[in-house]
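The values are calculated or read from the model by the stated rules, or taken from the named source; none is laboratory data. What you are looking at is a predicted structure, and each value in this text was computed from that prediction instead of being measured. Glycine also receives a Cβ, built like all others from the backbone with ideal geometry; neighbour counts cover every protein chain displayed.
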Amino acid sequence: MTVIQSTGVRSFVFIHFPIHVEHPMRPWKTLKKETILDHSKFLKVEKHTIELPDGKIIRDWPWIVSPDYVLVLPVTNRNTLFLFRQTKYAVQGTSLAPVGGYLEPGEDALTAAKRELREEMGCEASEWIPLGSYPNNGNHGGGKGHLFLALHAHKVGEPIIDDLEEMELVELSIEEVEQKLLRSEVKVMGWVAMIAIGILYLKSV
């Protein structure tokens, strides 16, 4: 419904939107799990039997089991970002990338994030901002990504690099990284999310 009110000087248009009421949605139920591939600690595949909210049963739903991982966007006191320029097996060419790695068994996400920053970049940070934990695939699992901003990041030593890929540390302004995001120079979805959410947070405070 729209109401136009005139004050004699100018007119105002008031737009009234209907109130949206969110209705609760019922989750799917897992009735049974069966491992159909146990490749390594990095990859297992399960077959789940699930029940949908309407009662329908699906008996062969694929589910991927992979360790949770952390992604870290380090921010310096110069208001610049530390990133890697690196290769990845699934990526064509090179990509900009944040710090990242799997959680060790029994390790919490923040501890893993601090460890990865020290090991991969030789850096530490005095303030850590958690930016959420997200499933890698909304329907089929694949572990969760835990995202962190590392503020006041600074070098404390040499990195302890055991990654298989070549990596080069780069320091860029926030504006430079925004442009590289828009030019698709960050080529892995999780990395795009980490950097974009991190920049949104930095611009909101």
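Which one of these is touching a residue at least 24 places away in the same chain (Cβ under 8 Å), β-branched (Val, Ile, Thr) and surrounded by fewer than 16 Cβ atoms within 10 Å (Cβ to Cβ): 36, 57?
Details: 36 fails: touching a residue at least 24 places away in the same chain (Cβ under 8 Å).
Just one listed residue meets the conditions, 57.
Here is a list: 65, 75. Which entry is modelled with pLDDT of 95 or more and touching a helix residue (DSSP H, G or I) at 6+ places or on another chain (Cβ under 9 Å)? Before the answer, list the steps.
Values: 65 fails: touching a helix residue (DSSP H, G or I) at 6+ places or on another chain (Cβ under 9 Å).
On inspection, the qualifying residue turns out to be 75.
Does the stretch 32-47 contain at least one residue that is of a type in the set (A, V, I, L, M) and either over 23 Å from the mean Cα position of the chain (by Cα) or at pLDDT below 95 (or both)? Even if it seems obvious, please write down each step before you answer.
Within the stretch 32-47, the first condition is being of a type in the set (A, V, I, L, M), and the residues that meet it are 36-37, 43, 45.
If we keep only those that are either over 23 Å from the mean Cα position of the chain (by Cα) or at pLDDT below 95 (or both) as well, we get 36-37.
Yes, the stretch 32-47 contains a residue that is of a type in the set (A, V, I, L, M) and either over 23 Å from the mean Cα position of the chain (by Cα) or at pLDDT below 95 (or both).
Filter the stretch 100-119 down to the residues that are touching a residue at least 12 places away in the same chain (Cβ under 8 Å), within 22 Å of residue 65 (Cα to Cα) and either not acidic (Asp, Glu) or not in a helix (DSSP H, G or I) (or both) and list them by number.
Correct list: 100, 101, 102, 103, 109, 110, 112, 113.
Taking the conditions exactly as written (part of a loop (DSSP other than H, G, I, E, B), over 24 Å from residue 185 (Cα atoms) and not β-branched (Val, Ile, Thr)), does residue 143 satisfy them or not? Please lay out each step first, then the result.
Values: part of a loop (DSSP other than H, G, I, E, B): no; over 24 Å from residue 185 (Cα atoms): yes; not β-branched (Val, Ile, Thr): yes.
No; evaluated as a whole, the condition is false for this residue.
Within the bounds of the stretch 146-167, is there any residue that is more than 12 Å from the chain's Cα centre (by Cα), part of a loop (DSSP other than H, G, I, E, B) and crowded, with 18+ Cβ neighbours inside 10 Å? Spell out how you get there, then give the answer.
Going residue by residue through the stretch 146-167, those that are more than 12 Å from the chain's Cα centre (by Cα) are 150-167.
From what's left, part of a loop (DSSP other than H, G, I, E, B): 152-153, 156-166.
Okay, now just the ones that are also crowded, with 18+ Cβ neighbours inside 10 Å, so 153.
The answer is yes; a qualifying residue exists.
Being over 21 Å from residue 78 (Cα atoms) and not aromatic (Phe, Trp, Tyr), is that true of even one residue in the stretch 166-174? Break it down stepwise before answering.
Step one: filter the stretch 166-174 for residues over 21 Å from residue 78 (Cα atoms), giving 166-167.
Then drop every residue that is not not aromatic (Phe, Trp, Tyr), which leaves 166-167.
Within the stretch 166-174 (the criterion being over 21 Å from residue 78 (Cα atoms) and not aromatic (Phe, Trp, Tyr)), the answer is yes, since at least one residue qualifies.
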